[in-house]
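The values are calculated or read from the model by the stated rules, or taken from the named source; none is laboratory data. Computed from a predicted structure; not experimentally measured. All Cβ positions, glycine included, derive from the backbone under ideal geometry; neighbour counts span all protein chains shown. Surface areas here come from the heavy atoms of the whole protein model, side chains and all, with no ligands, DNA or RNA. Shrake-Rupley method; radii C 1.70, N 1.55, O 1.52, S 1.80 Å.
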Amino acid sequence: MFRWRDGAVLERIEPSLSVVEIHTAAGKLLATSKGTAICVDKTCVLAMEPPGPGSYSVTYRVLSEDGHVVEGSYEFHLSD
């Protein structure tokens, strides 16, 4: 069991109903897990070719086995 700062508890993730996507700063989709089970237990991994330098965003929506949805996004930056 995982407890978020707001007190929400995340149980095991339902892989078939969870999605992770990576976009460029311009919004171009680079990778998606849609249609692929990439989550095991409480961890999701999206494999992709390394992108070049730039800014990227990751969005996620995961559903736990107890029906609790957790979604969000974050950005990361790569340089030479």
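Considering every residue within region 39-59, establish whether at least one is among the hydrophobic types (A, V, I, L, M, F, W, C), outside any loop (DSSP other than H, G, I, E, B) and open to solvent by 90 Å² or more (accessible area, probe 1.4 Å). It would help to see each step written out before you state the result.
Residues of region 39-59 among the hydrophobic types (A, V, I, L, M, F, W, C): 39-40, 44-48, 58.
Restricting the remaining residues to those that are outside any loop (DSSP other than H, G, I, E, B) gives 39-40, 44, 58.
With open to solvent by 90 Å² or more (accessible area, probe 1.4 Å) added as a condition, the list becomes 40.
Checked region 39-59: at least one residue is among the hydrophobic types (A, V, I, L, M, F, W, C), outside any loop (DSSP other than H, G, I, E, B) and open to solvent by 90 Å² or more (accessible area, probe 1.4 Å).
Restricting the first residue to region 1-25 and requiring it to be farther than 19 Å from residue 40 by Cβ, which pairs with a second residue that is surrounded by fewer than 13 Cβ atoms within 10 Å (Cβ to Cβ) and modelled with pLDDT under 75 meet a Cβ separation below 6 Å and a spacing of at least six or different chains?
3/9
What number of residues within region 3-38 are of a type in the set (D, E, K, R), in contact with a strand residue (DSSP E or B) (Cβ under 8 Å, 6 or more places away or on another chain), modelled with pLDDT of 75 or more and open to solvent by 50 Å² or more (accessible area, probe 1.4 Å)? Walk me through it before giving the result.
The first filter runs over region 3-38 and keeps only residues of a type in the set (D, E, K, R), leaving 3, 5-6, 11-12, 14, 21, 28, 34.
The next check asks that each one be in contact with a strand residue (DSSP E or B) (Cβ under 8 Å, 6 or more places away or on another chain); those that pass are 3, 11-12, 14, 21, 34.
Restricting the remaining residues to those that are modelled with pLDDT of 75 or more gives 21, 34.
Filter once more, so that each one left must be open to solvent by 50 Å² or more (accessible area, probe 1.4 Å): 34.
Total meeting the criteria: 1.
Using beta carbons and a limit of 9 Å, which pairs, at least six apart or on different chains, have the first residue in region 45-56 and touching a residue at least 60 places away in the same chain (Cβ under 8 Å) and closer than 13 Å to residue 80 by Cβ and the second one charged (D, E, K, R) and outside any loop (DSSP other than H, G, I, E, B)?
none
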